[in-house]
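I have placed the structure first, in the form of structure tokens, so that the comments after it can refer back to it.
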Number of protein chains: 2
Amino acid sequence: MTKNDARGGVALWRRIADEIRLDIIGGKVSSGEQLPTEAALAQRFAANRHTVRRAFAVLAEEGVVRAEQGRGTFVNSARRLSYRIGRRTRFSEGLAGQVQDMHGELLSTRLENANASVARGLGLRPGTRVTRLERLSHADGRPLSRGTSWFPYQRFPDIAAVFGRTGSLTQAFAELGITDYSRASTRISARYGTPDEIRDIGLVPGSVMLVTEIVDVDADDRPIQYALTRFPADRLELVV
Amino acid sequence: MTKNDARGGVALWRRIADEIRLDIIGGKVSSGEQLPTEAALAQRFAANRHTVRRAFAVLAEEGVVRAEQGRGTFVNSARRLSYRIGRRTRFSEGLAGQVQDMHGELLSTRLENANASVARGLGLRPGTRVTRLERLSHADGRPLSRGTSWFPYQRFPDIAAVFGRTGSLTQAFAELGITDYSRASTRISARYGTPDEIRDIGLVPGSVMLVTEIVDVDADDRPIQYALTRFPADRLELVV
DNA sequence: TCGATTTGTCTAATTTAGTAGACAACTAGT
DNA sequence: ACTAGTTGTCTACTAAATTAGACAAATCGA
């Protein structure tokens, strides 16, 4: 129990990679700029040069940096997306102007009984039938979010089919008679990605995820959607 | 490069600990309830029993679980705090009813020149003099947040002294003639804790932090505070 | 062309993480 | 008292992470 706790179960190369990536994403070092040399970083992190090299290998594979023999290592990539959230912001609007192409993918649908969280979110009794949708969204070809939504089955028995056809939640609601809805609550938390999320979004284990837990209501303040959406924290921030 | 990427630089015992902690914090298992046995968890995570034991050792040290020889391992701790944020919510109000005791601590103050981020937040030119405050807040005796605030020096030359005396930002502003202010913007991101934060808040390396970047404005919409506040993501969630 | 600087590659050794098995100590119910 | 089930402790081994050193290969300016 000496160095175990000091490392906290996170490999040094991983922490070095995270810190450098954060400097890049946060704009501390600009695109194209040269990073400190491997030797300098080894000293800064009190690590061996090979450990720094391993961190760089990961960042290079992610496309964040690019090493050139004899010259140095350079920043390759852009900044983090800002996703604007508000009472009336629709999903794709929140990233307007930051991405070229944005599209969603319906992974699966299921009819199930509401657990305690879902029931509370939708204002139903636990056990009530709900439709569950698993979604994956892409921005400029890269997976950006992994969402799970629940809808009251009694009120929207066909929402899975309609959403699957239209691909848009706003449009699906419109066809089902909901012309207007808004965000009733947003809870934001952060945690490590689960193995499933890592697979779906294409991350490495231990990636940090931003999680939003939202409830949408219709014009009469009746809940119509409860959703959990997970974003990779190094690709996106939320703006309230 | 075979199992390296599979583990992602995060030790298995660490991921097991994180997942169990998340189940507890998220309310999947209730306080006092018995957790699955070490053998069962070893099977569930495809790990050795000793690896599970190590995860439990960490959680026990955090006070989240408690093992009893011959009986089993039991949940010890409560749920995650919900910090409500809004245009007019003051810091301590956001946790009303969830904590008994709440107090802040002023770590240090400094006069410095605004960097690009601070200048943008406060609507100043980079290089303008600003006062920087480093703060640490406690809830029920445990560190809960680590904040860094910047204030325009020209407008509030004495804010460090006043805040140090009163301990409350609202009160400090009041004494300096700002009787009303509100939140202009809130950006939320997540990342690993830095070594400094881990030391100040008392976490293990690799802990996930929620980061809020806020701008407060006076009644005339002039920025009066730019602040970065870091919360340990396993102790707190944000509610918008 | 030369030399200083930097990344790339290789070998080797040590420390930490994870697996495997055995058995002791304790609890609860029969 | 006994037994089944659970956590606690110990030893031994394998795999991954980290350190260490040496040298090759490329770049750049003097």
B:THR212: in the same structural domain as B:GLU112 (by TED's automatic domain parsing), in a strand (DSSP E or B), among the polar types (S, T, N, Q) and buried (at least 19 other Cβ atoms within 10 Å of the Cβ), yes or no?
yes
Identify all residues within the range A:181-209 that are open to solvent by 60 Å² or more (accessible area, probe 1.4 Å) and touching a strand residue (DSSP E or B) at 6+ places or on another chain (Cβ under 7 Å); write none if there are none.
A:ARG187
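For the range B:204-226, check the following and say yes or no: at least one residue is among the polar types (S, T, N, Q) and over 16 Å from B:THR89 (Cβ atoms).
First, the residues of the range B:204-226 that are among the polar types (S, T, N, Q): B:207, B:212, B:225.
Checking which are over 16 Å from B:THR89 (Cβ atoms) leaves us with B:207.
Checked the range B:204-226: at least one residue is among the polar types (S, T, N, Q) and over 16 Å from B:THR89 (Cβ atoms).
Within the range A:162-178, count every residue that is open to solvent by 40 Å² or more (accessible area, probe 1.4 Å) and touching a residue at least 12 places away in the same chain (Cβ under 8 Å).
From the range A:162-178, those open to solvent by 40 Å² or more (accessible area, probe 1.4 Å) are A:164-165, A:167, A:170-171, A:174-177; that's our starting set.
This time we only want the ones that are touching a residue at least 12 places away in the same chain (Cβ under 8 Å), so: A:164, A:167, A:170, A:175-176.
Result for the range A:162-178: 5.
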If we scan the range B:95-115, do we find a residue that is in contact (Cβ under 8 Å) with a residue 60 or more places away in the chain, of a type in the set (S, T, N, Q) and within 14 Å of chain A (Cβ to nearest Cβ)?
no
For the range B:179-195, which residues satisfy the criterion of being within 14 Å of chain A (Cβ to nearest Cβ) and free of Cβ contacts under 8 Å to residues at least 40 places away in the same chain?
B:ALA184, B:SER185, B:ARG187, B:SER189, B:ARG191, B:TYR192, B:GLY193, B:THR194, B:PRO195
If B:PHE91 satisfies all but one of (1) farther than 29 Å from B:THR229 by Cα; (2) away from DNA strand C (no atom under 12 Å from the Cβ); (3) in contact (Cβ under 8 Å) with a residue 24 or more places away in the chain, what's the number of the condition it fails?
(1)
Out of A:PRO152, A:PRO126, sole residue that is within 14 Å of chain B (Cβ to nearest Cβ) and farther than 29 Å from B:ALA190 by Cβ
A:PRO126
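It is to be established whether one or more residues within the range B:208-223 are away from chain A (no Cβ under 14 Å) and among the aliphatic types (A, V, I, L, M). Steps first, answer last, please.
Taking the range B:208-223 and keeping what is away from chain A (no Cβ under 14 Å), we get B:217-223.
Checking which are among the aliphatic types (A, V, I, L, M) leaves us with B:217, B:219.
Yes, there is a match, as at least one residue in the range B:208-223 is away from chain A (no Cβ under 14 Å) and among the aliphatic types (A, V, I, L, M).
Can you tell me which residue among B:ARG120, B:ARG132 is basic (Lys, Arg), without any contact (Cβ under 8 Å) to a residue 12 or more places away in the chain and more than 16 Å from DNA strand D (Cβ to nearest atom)?
Numbers: B:ARG132 fails: without any contact (Cβ under 8 Å) to a residue 12 or more places away in the chain.
Going through B:ARG120, B:ARG132 in turn, just one is basic (Lys, Arg), without any contact (Cβ under 8 Å) to a residue 12 or more places away in the chain and more than 16 Å from DNA strand D (Cβ to nearest atom): B:ARG120.
State yes or no: is B:SER82 open to solvent by 30 Å² or more (accessible area, probe 1.4 Å), in contact (Cβ under 8 Å) with a residue 12 or more places away in the chain and under 21 Å from the mean Cα position of the chain (by Cα)? Give the derivation first.
Numbers: open to solvent by 30 Å² or more (accessible area, probe 1.4 Å): no; in contact (Cβ under 8 Å) with a residue 12 or more places away in the chain: yes; under 21 Å from the mean Cα position of the chain (by Cα): yes.
So B:SER82 fails the test.
Please report, ordered by residue number, the strands (runs of 3 or more DSSP E) entirely within the range B:1-90 with at least 1 residues that are at negative phi and within 14 Å of DNA strand D (Cβ to nearest atom). Working first, answer last.
Values: elements: B:65-68, B:72-75, B:81-84.
It comes to B:65-68, B:72-75.
Criterion first (crowded, with 17+ Cβ neighbours inside 10 Å and away from chain B (no Cβ under 13 Å)) does A:VAL10 satisfy it?
Working: crowded, with 17+ Cβ neighbours inside 10 Å: yes; away from chain B (no Cβ under 13 Å): no.
Criteria not met by A:VAL10.
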Taking the conditions exactly as written (in contact with a strand residue (DSSP E or B) (Cβ under 9 Å, 6 or more places away or on another chain) and either more than 30 Å from B:VAL204 (Cα to Cα) or within 16 Å of DNA strand C (Cβ to nearest atom) (or both)), does A:ARG84 satisfy them or not?
yes
Pairs only if they're at least six apart or on different chains, beta carbon under 9 angstrom, first in the range A:38-61 and in the same structural domain as A:ASP234 (by TED's automatic domain parsing), second assigned to a helix (DSSP H, G or I) and of a type in the set (Gly, Ala, Ser); list them, first residue then second.
none
Residue match in the range B:47-56 (condition: within 11 Å of DNA strand C (Cβ to nearest atom), within 10 Å of chain A (Cβ to nearest Cβ), under 28 Å from the mean Cα position of the chain (by Cα) and surrounded by 13 or more Cβ atoms within 10 Å (Cβ to Cβ))
yes
Flag if B:ILE201 is in contact (Cβ under 8 Å) with a residue 12 or more places away in the chain and either more than 10 Å from every other protein chain (Cβ to nearest Cβ) or hydroxyl-bearing (Ser, Thr, Tyr) (or both)
yes
Any chance you could count how many residues in the range B:14-32 are within 10 Å of chain A (Cβ to nearest Cβ) and either within 16 Å of DNA strand C (Cβ to nearest atom) or in contact with a Gly (Cβ under 9 Å, 6 or more places away or on another chain) (or both)?
7
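Could you tell me which of the residues B:LEU41, B:LEU35, B:LEU59 is within 13 Å of chain A (Cβ to nearest Cβ) and more than 10 Å from DNA strand C (Cβ to nearest atom)?
Details: B:LEU41 fails: within 13 Å of chain A (Cβ to nearest Cβ); B:LEU35 fails: within 13 Å of chain A (Cβ to nearest Cβ).
Exactly one residue qualifies, and that residue is B:LEU59.
The values are calculated or read from the model by the stated rules, or taken from the named source; none is laboratory data. Quick caveat, the model's predicted, so the values are computed rather than measured. We place every Cβ from the backbone using ideal geometry, glycine too, and count neighbours over all the protein chains shown. Only protein heavy atoms, including side chains, enter the accessible area calculation; ligands, DNA and RNA are left aside. Shrake-Rupley method; radii C 1.70, N 1.55, O 1.52, S 1.80 Å.
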